[in-house]
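What follows draws every value from the coordinates through simple rules; no lab data is involved. Remember, predicted model here, so these are calculated numbers, not experimental data. A quick note on method: Cβ atoms are made from the backbone with ideal geometry, for glycine too, and the neighbour counts reach across all protein chains shown.
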Ligand code: PSV
Ligand code: MN
Ligand code: MN
């Protein structure tokens, strides 16, 4: 094994990809939710499924929660339940988009009483993080307007800044705030956090523990996402990713399915700029999935997604940076491009299969899951009760 390959393997061994609790539940579009047998009925059952993903891939040790979808009475007990299954509870996602009161916004709503309610929910999420031991609070706001003149854009920015400041103040030591942007939807004329620039400006105003989250599905077609990643890393403000694939808008398909080359280019920026280095630390970049499996089987869909991130990471780590920089310095356009493409075109599947075997895992996580019997077991056992779903 060359020095380069052993360094790649060492980096891959320390990689952690967080899976979202909502990926395990039923989900769909506004047209139809196709229910699947065996889907979790409780938050604990979602954790049971997430444990299967980690068991077979070895790189998915944490699960993101979405509140109130994952509301329970005792978060300390939930964290212990996760630990018993070899997992930990990860990012806490707030939800101020599913209440009738939020029709005109949450923290940017014209009515101070609604703003108070929304901010209180964000504070509740920090209290949950205290109990779960989570590092990151992820904030996404559906706030915005549908019609010109509906509300004042700058005033809404002021309301947003005020709410964010209150929540930032409440963060405990070792906790961070990740602010997510989205171009459009559900608001169609203005979103209050439409782009990385808006998110970055708010984070700068708050302090070093406020960081931007890049959801790969939240940009206009053709946006150069890797440029945004490079810039945020350079500024020390990349908090993490919500990975998923899009063909058209916020499709929430499996990461690496629509455009594996884009995923590689993004992870190349991460690799080159030290983004894999701090892991769980305060400077760490969080690698999260934010996707749904509407028509494909859920647990295998998550396993496939985790593997797609892992494969793109391996390719990104294989880029010969010395050769790349030499070609760049020499102005060798084609040579530099070839260095990148060589890494991208490498079949890393044997390397990853070997790595898994070294870790005592099955070389093929998809086959391992199929052979485990877990799917048959949950289909047989999880009858009765209400199946947990995305958005419920
Ligand atoms: C919004 O589209 C979003 O990407 C946010 O991260 C939400 O929390 C999540 O989707 C819900 O799936
Ligand atoms: Mn997201
Ligand atoms: Mn989204």
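Taking every Cα-Cα distance in the stretch 127-282 and sorting them into 10 Å bins from zero, the calculated P(r) comes out as 10, 38, 36, 15, 1 percent.
Just to be sure I understand: of the beta bridges DSSP finds with both ends in the stretch 11-381, what percent are antiparallel, rounded to 5?
Values: 4 of 30 bridges.
Around 15 percent antiparallel, to the nearest 5.
Express in nm, to one decimal, how much length is gained between residue 357 and residue 235 on full extension, taking 0.36 nm for each residue of separation and deducting their alpha carbon distance. It would help to have the intermediate numbers written out before the result.
Values: separation 122, 0.36 × 122 = 43.92 nm, distance 3.81 nm.
Extra length available between residue 357 and residue 235 comes to 40.1 nm.
For the chain, the mean residue ellipticity at 222 nm estimated from helices alone is -14000 deg cm²/dmol, where every DSSP H run of n ≥ 4 contributes -39500 (n - 2.57) and the total is divided by all residues, rounded to the nearest 500.
At R0 = 25 Å, how high is the FRET efficiency between residue 332 and residue 223 if r is their beta carbon distance? Nearest 0.05 is fine.
Values: r = 28 Å, r/R0 = 1.11.
Result of the calculation: an efficiency of 0.35.
Model label sites at residue 377 and residue 248, defined 7 Å from Cα along the beta-carbon direction, differ in position by 3.9 nm.
What is the stretch 11-381 by shape, rounded, prolate or oblate, if you read a ≥ b ≥ c off the alpha carbon gyration tensor as root eigenvalues and call it rounded for a/c under 1.5, prolate for a/b larger than b/c, and oblate otherwise? Don't skip to the end; give the middle numbers.
On the way: a/c = 1.66, a/b = 1.16, b/c = 1.43.
Here the stretch 11-381 falls in the oblate category.
With a Förster radius of 41 Å applied to the C-beta separation of residue 364 and residue 173, the computed FRET efficiency comes to 0.45. Per-residue Cβ neighbour counts within 10 Å put 75, 248, 24 in the sequence 248, 75, 24, beginning with the fewest.
Residues of the stretch 1-39 with an amide N closer than 19 Å to a point placed 7 Å from the Cα of residue 323 along the Cα-to-Cβ direction: 1-9.
Using the number of other C-beta atoms within 10 angstrom as an exposure proxy, rank 13, 176, 115 with the fewest first.
Numbers: 13 12, 176 23, 115 20.
Fewest to most other Cβ atoms nearby, the residues stand as 13, 115, 176.
GNM remark for the chain: springs join alpha carbons under 10 Å apart, and the peak mean-square fluctuation among 80, 127, 327 falls on 327.
State the extension gain, in nm to one decimal, for the chain segment bounded by residue 278 and residue 41, taking 0.36 nm per residue of separation less the distance between their alpha-carbons. If you can, show how the numbers build up before the last one.
Values: separation 237, 0.36 × 237 = 85.32 nm, distance 3.54 nm.
Using 0.36 nm per residue and subtracting the Cα-Cα distance, I get 81.8 nm.
Computing FRET efficiency as 1/(1 + (r/R0)^6) for residue 113 and residue 259, where r is the C-beta to C-beta distance and R0 is 41 Å, gives about 0.40. Residues 216, 190, 119, 76, ranked from the fewest to the most other C-beta atoms within 10 Å, line up as 76, 190, 119, 216.
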